[in-house]
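Input: a single structure, listed below in structure tokens.
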Amino acid sequence: MQAEDWADEGPGWHRADAIVGRVNAPVFPDRDVAVEELGAVGDGQSDCTEAIAAAIRAVHEAGGGRVVLARGEYLTGPIVLRSGVNLHVAAGARVRFVTEPERYLPAVLTRFQGVEIMGYSPLIYALDAENVAVTGEGVLDGGASNENWWPWSGLAEYGWREGIRTQEQDWQVLVEDVRRGVPVEQRVVAPRSHFRPSMIEFYRCRNVWVQGVTVLRSPMWEIHPVLCTNVLVEDVHIDTYGPNNDGVDPECCTDVVIRRSRFDVGDDAIAIKSGREDDGERVGVPTRNVVIEDCVMTTRYGAFTIGSELTGGVSDVYVRRCTIGSPELYYGLYIKSNAARGGYVTNVYVDGVEASELKKEFLSLNLHRGEGLNGPRIPVVRNIQITNVRVGKAKRALHVAGFTHSPITDLGIEDCVFGSMAEENAITDVVGMVLTNVTTT
């Protein structure tokens, strides 16, 4: 997409409808290949990896269509999609992934927490593909638990115990490699490092569609499009409570629509990202033009999150008609950066959100979290507009803290009701904040 195609007379809600209008599901030829035709057996015990791969290859080489998994349980290793392939998991079908890390080798180009690596393959993966999808009413079960994948987080509640090497220990080695300028193809971290793979990852793809499926027990993030254009996620249910189990993480993407989906997750429901620190600057691609609509978020951290890996910048985000809240959901709109991450966040619009109960604030925009002022970058946050929000109960309505040398600018809150708030708003270093018809009790 050329810059002139998305530039217009300025930011505003008119852009949301334009984005939705041009983000469409890819169209596939009327061709189905059942995995049983290539030898798969949906008995929950037979290894179907090769049969599924053969079906994908056959559909791709024939010019595109659906690879169909009908009723049954299909045990498999990583699934690699190709252009023109719609992996269709029908109602009554369950895809259960093996949990032995060695099955997710050889290493592939992927990301871990915003940094490019050669790591374990995501459970479902596509690289440089066009017109690619995962659809259906079936279940994708990553099989992750306190007995596998999750202990690498280093958290005892997820099975870590003394003697297990953690992702944080390996992270310091990766950071040093990035600072030394080690090329990505030489950052081969699997199997030597404990970086868990995402559940579904599309890397440098165009026309991506995820529809209908239920996602369970992911090792790491659930749906992770990276450097993609035209991404549609709709009618999915993500139900997984592991460590870093974000729901959807569009990273360095343009034109993304996420709608009619439910998020019961162990971390942020939707987290918009654009790379991290030195590597984020090297790649230098923002995420822009994201619409989130008609979704339900119940747990755990941010319902609508931007960051914290946002060094490449995020702009033009629209959230509307969503229902959120529970005693376990922390934040509504959660924007997080600091002087280590930097980046920019501009033109964020939220309208028509109903929040029953939140553990902390509806808007959390605190640039002092984590490293705070300790870093070489200056985050810039401007033009955040929140309208027609209703919150029943929370710690506070707003926690907003910019930097003295980089205040948050142009924050508008209009026609909002914040019900039972336990504490007063906490607001520092904000310029141009306007509250219009806002009720707080």
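Go through segment 378-390 and give me each residue that's buried (at least 18 other Cβ atoms within 10 Å of the Cβ) and assigned to a loop (DSSP other than H, G, I, E, B).
Answer for segment 378-390, where residues must be buried (at least 18 other Cβ atoms within 10 Å of the Cβ) and assigned to a loop (DSSP other than H, G, I, E, B): Pro379, Val389.
Mind listing whichever residues of segment 255-267 are buried (at least 20 other Cβ atoms within 10 Å of the Cβ), of a type outside the set (A, V, I, L, M), touching a Cys at 6+ places or on another chain (Cβ under 8 Å) and not in a loop (DSSP other than H, G, I, E, B)?
Phe263
Say whether the condition of being surrounded by 15 or more Cβ atoms within 10 Å (Cβ to Cβ), farther than 23 Å from Val345 by Cβ and among the β-branched types (Val, Ile, Thr) is met by at least one residue in segment 393-405.
No, because not a single residue in segment 393-405 is surrounded by 15 or more Cβ atoms within 10 Å (Cβ to Cβ), farther than 23 Å from Val345 by Cβ and among the β-branched types (Val, Ile, Thr).
Could you tell me which of the residues Glu423, Glu414, Glu371 is in a strand (DSSP E or B) and surrounded by fewer than 18 Cβ atoms within 10 Å (Cβ to Cβ)?
Glu414
Looking only at residues in segment 202-235 that are among the hydrophobic types (A, V, I, L, M, F, W, C), in a loop (DSSP other than H, G, I, E, B) and within 13 Å of the chain's Cα centre (by Cα), which one is surrounded by the fewest Cβ atoms within 10 Å (Cβ to Cβ)?
Looking at residues that are among the hydrophobic types (A, V, I, L, M, F, W, C), in a loop (DSSP other than H, G, I, E, B) and within 13 Å of the chain's Cα centre (by Cα), I get Leu227.
What number of residues within segment 342-368 satisfy the criterion of being surrounded by 17 or more Cβ atoms within 10 Å (Cβ to Cβ) and part of a strand (DSSP E or B)?
Counting residues in segment 342-368 that are surrounded by 17 or more Cβ atoms within 10 Å (Cβ to Cβ) and part of a strand (DSSP E or B) gives 15.
State whether one or more residues within segment 264-277 are of a type in the set (S, T, N, Q), in contact (Cβ under 8 Å) with a residue 60 or more places away in the chain and outside the structural domain of Pro376 (by TED's automatic domain parsing).
no
Just to be sure before I move on: is Ser198 at pLDDT 95 or above, touching a helix residue (DSSP H, G or I) at 6+ places or on another chain (Cβ under 7 Å) and either aromatic (Phe, Trp, Tyr) or part of a loop (DSSP other than H, G, I, E, B) (or both) in the structure I sent?
For Ser198, the condition - at pLDDT 95 or above, touching a helix residue (DSSP H, G or I) at 6+ places or on another chain (Cβ under 7 Å) and either aromatic (Phe, Trp, Tyr) or part of a loop (DSSP other than H, G, I, E, B) (or both) - is not met.
Please pick out the residue among Ala55, Ala91, Ala40 that is in a loop (DSSP other than H, G, I, E, B) and surrounded by 23 or more Cβ atoms within 10 Å (Cβ to Cβ).
Ala40
Going by what's in this entry, would Asp246 be described as under 23 Å from Leu127 (Cα atoms) and either among the basic types (Lys, Arg) or in a helix (DSSP H, G or I) (or both)?
No, not satisfied.
Six or more apart or on different chains, Cβ atoms under 8 Å: show the pairs whose first residue is in segment 412-441 and within 25 Å of Pro379 (Cβ to Cβ) and whose second is part of a loop (DSSP other than H, G, I, E, B) and hydroxyl-bearing (Ser, Thr, Tyr).
Asp429/Thr404
So for segment 144-156 (the condition being free of Cβ contacts under 8 Å to residues at least 12 places away in the same chain and surrounded by fewer than 20 Cβ atoms within 10 Å (Cβ to Cβ)), does at least one residue qualify?
Among the residues of segment 144-156, at least one is free of Cβ contacts under 8 Å to residues at least 12 places away in the same chain and surrounded by fewer than 20 Cβ atoms within 10 Å (Cβ to Cβ), which makes the answer yes.
Any residue that is within 16 Å of Gly114 (Cβ to Cβ) and free of Cβ contacts under 8 Å to residues at least 60 places away in the same chain - is there at least one of those in segment 312-323?
Checking segment 312-323: at least one residue is within 16 Å of Gly114 (Cβ to Cβ) and free of Cβ contacts under 8 Å to residues at least 60 places away in the same chain.
Across segment 41-53, what is the number of residues that are of a type outside the set (Val, Ile, Thr) and either at pLDDT below 95 or closer than 19 Å to Ala133 by Cβ (or both)?
1
Restricting attention to segment 268-284, which residues are assigned to a strand (DSSP E or B) and at positive phi?
Gly275, the sole residue that qualifies.
Checking the conditions here, which among Ser261, Ser274 is among the hydroxyl-bearing types (Ser, Thr, Tyr) and either in contact with a Leu (Cβ under 6 Å, 6 or more places away or on another chain) or closer than 21 Å to Glu168 by Cβ (or both)?
Every option except Ser274 fails the conditions.
Return the residues of segment 34-49 that are among the charged types (D, E, K, R), farther than 12 Å from Gly77 by Cα and in contact (Cβ under 8 Å) with a residue 24 or more places away in the chain; say none if nothing qualifies.
Correct list: Glu36, Asp43.
Residues of segment 166-201 being surrounded by 19 or more Cβ atoms within 10 Å (Cβ to Cβ) and not aliphatic (A, V, I, L, M), which ones?
Across segment 166-201, the qualifying residues are Gln167, Arg187, Ser193, His194, Phe195, Arg196, Pro197, Ser198, Glu201.
Conditions tested, residue by residue: (1) closer than 18 Å to Ile56 by Cα; (2) over 19 Å from the mean Cα position of the chain (by Cα); (3) not assigned by TED's automatic domain parsing to the domain that holds Val184.
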site	(1), (2), (3)
Asn86	yes, yes, no
Thr99	no, yes, no
Glu137	no, yes, no
Asp141	no, no, no
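Restricting segment 287-339 to residues that are hydroxyl-bearing (Ser, Thr, Tyr), crowded, with 21+ Cβ neighbours inside 10 Å and part of a loop (DSSP other than H, G, I, E, B), which is nearest to the chain's Cα centre (by Cα)?
Ser308
Going through Arg390, Arg382 one at a time, which residue ends up being basic (Lys, Arg), touching a strand residue (DSSP E or B) at 6+ places or on another chain (Cβ under 9 Å) and within 15 Å of Ala303 (Cα to Cα)?
Answer to the check: Arg390.
Suppose the filter is in a helix (DSSP H, G or I) and either surrounded by fewer than 16 Cβ atoms within 10 Å (Cβ to Cβ) or free of Cβ contacts under 8 Å to residues at least 60 places away in the same chain (or both); does Glu162 pass it?
Spelling it out, it is not the case that Glu162 is in a helix (DSSP H, G or I) and either surrounded by fewer than 16 Cβ atoms within 10 Å (Cβ to Cβ) or free of Cβ contacts under 8 Å to residues at least 60 places away in the same chain (or both).
On the given criteria, is Pro101 closer than 14 Å to Met199 by Cα, surrounded by fewer than 19 Cβ atoms within 10 Å (Cβ to Cβ) and not aliphatic (A, V, I, L, M)?
When the stated conditions are applied, Pro101 passes them.
The values are calculated or read from the model by the stated rules, or taken from the named source; none is laboratory data. The structure presented is a predicted model; accordingly, all values stated were derived computationally and were not measured. Positions of Cβ are generated from backbone atoms using ideal geometry, with glycine treated the same way; all protein chains shown enter the neighbour counts.
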